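Working notes, structure below.
The values are calculated or read from the model by the stated rules, or taken from the named source; none is laboratory data. No experiment lies behind these values; they were computed from the predicted model shown. Cβ: placed from backbone, ideal geometry, glycine included. Neighbour counts: every protein chain shown. What goes into the accessible areas is simple: the full protein's heavy atoms, side chains included, and nothing from ligands, DNA or RNA. Shrake-Rupley method; radii C 1.70, N 1.55, O 1.52, S 1.80 Å.
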Amino acid sequence: QCSYQLLAVVPPSDGGPSVAVAVDTQHPLSLLLNGSLAGSELCKIQYHFGEFGNYSLVVKTLSASVKTVSCDVVINEDPINSYLPILFAFLVYLGILAVLIIWRLVMKIDPVRNWVYKKLNPRETDRLINSELGSPSTADSISSDPAPRLWTTTSRQRLRSLDTFRGLSLIIMVFVNYGGGKYWFFKHESWNGLTVADLVFPWFVFIMGTSVSLSLSSMLRWGSSKQKVLGKILWRSFLLILLGVLVVNPNYCLGPLSWENLRIPGVLQRLGLTYLVVAALELLFTRAGADSGALEMSCPALQDILPYWPQWIFILMLEAIWLCLTFLLPVPGCPRGYLGPGGIGDFGNYPNCTGGAAAYIDRLVLGEKHVYQHPSCNVLYQTTMPYDPEGILGTLNAILMAFLGLQAGKIILSYKEQHKQIMSRFFIWSIVMGVISAILTNCSKEEGFIPVNKNLWSTSYVTTMSCFAFILLLLIYYLVDVKRLWSGAPFFYPGMNSILVYIGHEVFENYFPFKWKMQNSQSHAEHLTQNLTATTLWVIISYLLYRKRIFWKI
């Protein structure tokens, strides 16, 4: 529903085409050709152009008497296959994975393992071989997992699947933030809809909620007072918000005291506020024995829900506030309940209404200069108003996302060691969230009551992401903690140092070896190489920190 924009004016010419223009290749385009007379529409054609292709729009007069004109697109140069670099990168990483698997299989052979271990540490090997212990066991050998204790039954409290889930989300986030090879599906969707880039932040919020449930339960079980735990929650939230405002800020290059244009919302700020609300809510209403199934329940099938009914009431109240503000708050110059991108969207009827009530609240509370100035919608929809995807109203739904992650943690606590129960409930929650999304969106991108929208953090966006998150956690939990078919590597390592990796990749984004000058800035292959190299370096750094037992916790 975009209004037509002037692409070019073709002057009268007896020869061939006299005007060259560049067009978008992400979406199919509608080209409208008008004559020199006002309102004289000659022809209209819809076409999906390919990347780096060269085309001609051939216009022919079929009948001069009735002014019939035909328009045809002719391919002068075929577009390139821009996805070949992704295939090549996939094959490279597949080859690396194959080498690592072969290496681990070879290392299980005793003579080979002993020989390698002796070359790396001859004195220690001789001592082990000559001692009464005999040859080194699998646990003594060098492997990619330096902490086999995590797999023992005596220390099953920390689930590797949670760190693996967090690390997977974080690594995709780092890759996307570095540019994603300049592919459109590794960038945030302009407005409604989803791309790969739109998946990772809500997943990170989800697994944060899961970790909150497990960590608070552990602290209280070990005798920490609620006052002490609340102090830790407040301090951690403060640090996350402070780091987001002062360190990871698009305007920090203007100087530490550039308050006039300082962006107040942000990713870490949203994480800090969400963590504060969800953790405080869990701490306030937690009941002794509720997380272990010790309480007598009239309905055991709901033992992970019913004991926490005050929390559900609070969350539903927050959701009601979001719905009321979004659809009932009057916004000057905009229709009530507007959820569109503004600009040239909706046929250009509401150019200054980007984000509706969400943007209006941010400008009213924070000020126009203290929100994000370049939202993802400003290129496609040519918007002029600032809009912050991490704004105040969207944070209410981020709390809902974290609370659903908290629910996943309660399932793990309520059904300890009951793997089938845990996985079945993950699956049920995924189905429930998926059904809610289908109802809200009418199974469409644009036509539903509440479309899936990352910029707004709409309710349907949260339920859709929760649906995916429950399924993904189920799969990782099954592979890593139940069947132990996968150690979680390499995502497990950045998952153990998530704050350090996130802040580090933001601060050092423009420094070598994470970035360098490219020969062809239009090449997907060069961008993909640079972005994958930078992302891989952070995986290696997190692995080395893990080996050295260096963890940055807040």
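Assorted remarks:
- Take every Cα pair under 8 Å whose residues are at least 6 apart in sequence, average their separation, divide by the length of segment 1-80, and the relative contact order is 22 percent.
- Greater than 31 Å apart at Cα, pairs in Lys483/Lys515; Lys369/Lys454; Lys483/Lys553; Lys483/Lys548; Lys228/Lys420; Lys416/Lys553: Lys483/Lys515; Lys228/Lys420
- In plain terms, the chain from Phe427 to Ile102 could stretch by 113.6 nm, reckoned as 0.36 nm per residue minus the Cα-Cα distance.
- Proximal charge balance of Ile233 [Cβ under 12 Å; K/R count +1, D/E count -1]: +3
- Note on segment 176-248: percent of Cα-Cα distances in each 10 Å bin, starting at 0 and stopping at the bin with the largest distance, equals 16, 30, 29, 18, 8, 0.
- Karplus-derived 3J(HN,Hα), 6.51/-1.76/1.60, for each residue of segment 399-404, Hz, glycine and proline x: 5, 4, 4, 5, 5, 5
- Measuring nothing but protein heavy atoms, the accessible surface of segment 1-80 at 1.4 Å probe radius is 53 percent carbon and sulfur.
- Label assignment, semi-axes √(5λ) of the Cα gyration tensor in Å derived from the structure, set (1) 56, 33, 22; (2) 121, 54, 19; (3) 48, 33, 22: (3)
- Percent accessible area from carbon and sulfur atoms, segment 303-426, protein chains only, probe 1.4 Å: 66 percent
- Counted by Cβ distance under 12 Å from Leu273, the other residues give a net charge of +1, where Lys and Arg count +1 and Asp and Glu count -1.
- A 1.4 Å probe run over the protein chains yields, for segment 1-80, 74 Å² of accessible area per residue, whole-number rounding.
- The chain: relative contact order as a whole-number percent, Cα under 8 Å and 6+ apart: 17 percent
- Compared with the dominant principal axis of the Cα atoms in the chain, helix 110-120 is inclined by about 80°.
- At R0 = 25 Å, FRET efficiency that the Cβ-Cβ distance of Phe285 and Arg547 yields, to 0.05: 0.05
- For the peptides 177-187, 440-450, the ranking by packing is 177-187, 440-450, with the highest mean count of neighbouring Cβ atoms within 10 Å listed first.
- Amide N of segment 370-403 lying under 15 Å from the label point, which is placed 7 angstrom from the Cα of Leu29 along Cα→Cβ: 380-382
- Spacing of the modelled spin labels on Ser70 and Glu51, each 7 Å from Cα toward Cβ, amounts to 3.4 nm.
- Potential lengthening between Ser523 and Leu37 on full extension [0.36 nm per residue; Cα-Cα distance subtracted]: 170.8 nm
- Computed from the Cβ-Cβ distance with R0 of 51 Å, the FRET efficiency linking Phe449 to Gln5 stands at 0.95.
- Length gained on full extension, Val21 to Lys119: 28.9 nm, using 0.36 nm per residue less the C-alpha separation.
- Gyration tensor (alpha-carbon) shape descriptor, segment 455-549, a/c threshold 1.5: oblate
- Relative packing of peptides 161-167, 537-543, 227-233 - highest average C-beta neighbours within 10 Å first: 161-167, 537-543, 227-233
- Estimated D of segment 1-80 in µm² per second, where Rh is the Kirkwood radius over Cα pairs and Stokes-Einstein applies at 4 °C, 1.567 mPa s: 92 µm²/s
- Amide H within-cut-off set for Leu29, under 5 Å, with H built and near neighbours excluded: Tyr47, His48, Phe49
- Rounded to the nearest 20 debye, the dipole magnitude of the chain is 2080 debye, with +1 charges on Lys and Arg beta carbons, -1 on Asp and Glu beta carbons, and the Cα centre as origin.
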